[in-house]
Amino acid sequence: MTDTATAIAAAPVAERRRGEGWTAATLVSPATIFVALCLLGPLVILFRYSLNEFVASKKMMVEAVTIANYVKFFTDPYYTSILATTVRVAVIVTAVCLVLGFPLAYVVARTQSRFKNLLIIAIVLPLFVGNSVRAAGWMVVFGNKGFVNATLMGLGVISKPIEIMFSETAVIIGIIAVNLPFMVLSLQSVIEGIDRSVEEAAFSLGATPGTMFRRVLWPLALPGILAGTILTFILAMNAYATPFLLGGPLFKMMAPLVYNQFTQQTNWPFGGAIAFVLMTVTLLLTMAANLVVQRRYRR
């Protein structure tokens, strides 16, 4: 009798949970269908295009199923060097954003000042300006007669302008300026959730600031670090406006290369192949870094 009564009492609970599951599925379905149609659909079409052939003499795409476009990319040193440059720039940008963003995020998270909201607004405010506009601003700063060269020459530090524009350095600085707010916001939200008493306990046990950071703060902030680095790395790998404007015609990264294949060369199959190489490399490197970091701090 007792087992029967328990089963009868549990039946409404099971039915209610099942009903909640159906309700959640109903609410999620429209968004899932929308993402599938608007994101996965074009990706499938683009991948199909990447398997087609391109007739250079007629500048037209021919229906086919071939991996020649992928073979062309990985066997040509010109394209593989562009991929290597893109990965190098993305890694440098991510590392610098983490080094610069962590102290700023910590200060914002721990401040008790009434101006905290103003600090957050100051961090978010650059996101209201488009990447192209910000890149144009850096062009004014880095030009031969721009702010940096004019200031240094006025102070007598240099006798002729420094060539900053159309270089990898200019591109890295420009992308860092674009991505830094994303890193800071990702870290700040996680650091705010870490109880300050944990840090005080570490200090009371004799830990130095460096030890506290390495053994306490860094592991606890790891979710924010992973989120910030992944977001920053993906944005840097796919940057277009900043490399195009600050790098000039001689400095190449993957996103401008994809754009050039679609618009200038009208080679849609090869452009699609480059786009999928970029997406695959970005996902693989992101997953590998995520697994390495998690396995390192799980021990």
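Couple of notes before you dig in:
- If the condition is being within 30 Å of Met165 (Cβ to Cβ), surrounded by 13 or more Cβ atoms within 10 Å (Cβ to Cβ) and β-branched (Val, Ile, Thr), then the stretch 106-132 contributes only Ile123.
- Scanning the stretch 52-72 for residues that are of a type in the set (Ser, Thr, Tyr) and surrounded by 10 or more Cβ atoms within 10 Å (Cβ to Cβ) turns up Thr66, Tyr70.
- Qualifying positions in the stretch 241-256 - in a helix (DSSP H, G or I), of a type in the set (A, V, I, L, M) and surrounded by 24 or more Cβ atoms within 10 Å (Cβ to Cβ): Leu246, Met254
- Residue identified as without any contact (Cβ under 8 Å) to a residue 40 or more places away in the chain and within 28 Å of Ala105 (Cα to Cα) among Val129, Val124, Val157: Val129
Residue-by-condition table, conditions (1) crowded, with 17+ Cβ neighbours inside 10 Å; (2) among the aromatic types (Phe, Trp, Tyr); (3) in a loop (DSSP other than H, G, I, E, B); (4) in contact with a strand residue (DSSP E or B) (Cβ under 7 Å, 6 or more places away or on another chain):
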site: Phe182; (1), (2), (3), (4): yes, yes, no, no
site: Thr211; (1), (2), (3), (4): no, no, no, no
site: Leu226; (1), (2), (3), (4): yes, no, no, no
site: Leu235; (1), (2), (3), (4): yes, no, no, no
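- For the stretch 104-121, a residue qualifies if it is within 19 Å of Arg196 (Cβ to Cβ) and in a helix (DSSP H, G or I), and the qualifying residues are Leu104, Ala105, Tyr106, Val107, Val108, Ala109, Arg110, Lys116, Leu119, Ile120.
- Residue within the stretch 116-124 that is at pLDDT 85 or above and small (Gly, Ala, Ser) present: yes
The values are calculated or read from the model by the stated rules, or taken from the named source; none is laboratory data. All figures in this text were calculated on a predicted structure; none of them were measured in a lab. No Cβ is skipped: glycine too gets one built from the backbone with ideal geometry, and neighbour counts run over all protein chains shown.
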